[in-house]
1. What's the extension gain from TYR111 to PHE55 if we count 0.36 nm per residue and subtract their Cα-Cα distance?
2. Would you mind telling me the share, in percent, of accessible area of the chain contributed by carbon and sulfur at probe 1.4 angstrom?
3. Using only protein heavy atoms and a 1.4 Å probe, report how much of ARG18 is accessible, in Å² to the nearest 10.
4. Explain nothing, just the number: dipole magnitude of the chain about its Cα centre with +1 on each Lys and Arg Cβ and -1 on each Asp and Glu Cβ, in debye rounded to the nearest 20.
5. Among ASN65, ASN53, LEU39, whose Cα projects farthest towards the positive end of the dipole of the chain, with charges put on the beta-carbon of Lys, Arg (+1) and Asp, Glu (-1)?
6. Leaving out ligands and nucleic acids, and using a 1.4 Å probe, what accessible area per residue does the chain come to in Å²?
7. What distance in nm separates the simple spin-label points at SER72 and SER94, each placed 7 Å from Cα in the Cβ direction?
8. Over region 40-117, how many percent of alpha carbon pairs lie in each 10 Å bin up to the one with the longest distance?
Amino acid sequence: MNVPFVSAHFVTYEFLKRNISETFDKSNLNRDSPLVHMLAGGGAGALGGLVSNPFDVIKTKIQTNSLGNSRSLYKAFKFILRKEGIAGFSQGLSARILYFIPSAAICWTTYEGMKKLLSLSL
C-alpha cells in the first residue's frame, strides 16, 4: 500500500459508510450491518486501487528496469506517456481493482465486527 491508496481508501470508506448507513436507516435496515461495511470497504478498495494505479505502474517500470538504468520518477512518467500514452498508466488496473475490492471488504468488515465485539465485552 502507498500514500495515494491509503488516502483515497480511508476517506472513501468513511464517506461510503456514512451514506450507506443513512440509506439503510431510511429502508429500516440495520445501519451497523456487516453488509454496510462490506459495501463501503469494497468501494473504498476499488477507488483506492484506481487512484494509486498510475503510481504503481511507474514503480513497476522502474523496478523491472523497463526504462533502462533510469530511476527518476519524472523520466519514468515521461517515458510511459510518450511510448504508451495516457492509457499506459492504466496497465493492470482491472486486476488491481479486483484484488482490492474483496480484500478491503473483508478487512473493514472484520475490523468493524471486532470493534463492536470488543466494545460489548468491556
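The values are calculated or read from the model by the stated rules, or taken from the named source; none is laboratory data. All values derive from a computational prediction rather than experimental measurement. Because the Cβ atoms are built from the backbone with ideal geometry, glycine has one as well, and the counts that use them run over all protein chains shown. The area values use the complete protein model at the heavy-atom level, side chains included, leaving out ligands, DNA and RNA. Shrake-Rupley method; radii C 1.70, N 1.55, O 1.52, S 1.80 Å.
1. Details: separation 56, 0.36 × 56 = 20.16 nm, distance 2.73 nm.
Residue separation times 0.36 nm, minus the Cα-Cα distance, leaves 17.4 nm.
2. On the way: 5190 of 7820 Å².
Reported share for carbon and sulfur atoms: 66 percent.
3. Estimated to the nearest 10 Å², ARG18 gives 130 Å².
4. On the way: 14 positive and 7 negative charges, 117 e Å.
Dipole of the chain, to the nearest 20 debye: 560 debye.
5. The one lying farthest along the dipole's positive direction is ASN65.
6. Numbers: 7820 Å² over 122 residues.
Spelled out: the 1.4 Å probe surface of the chain, per residue, equals 64 Å².
7. Simple spin-label model gives 3.5 nm for this pair.
8. 19, 37, 23, 15, 5, 0
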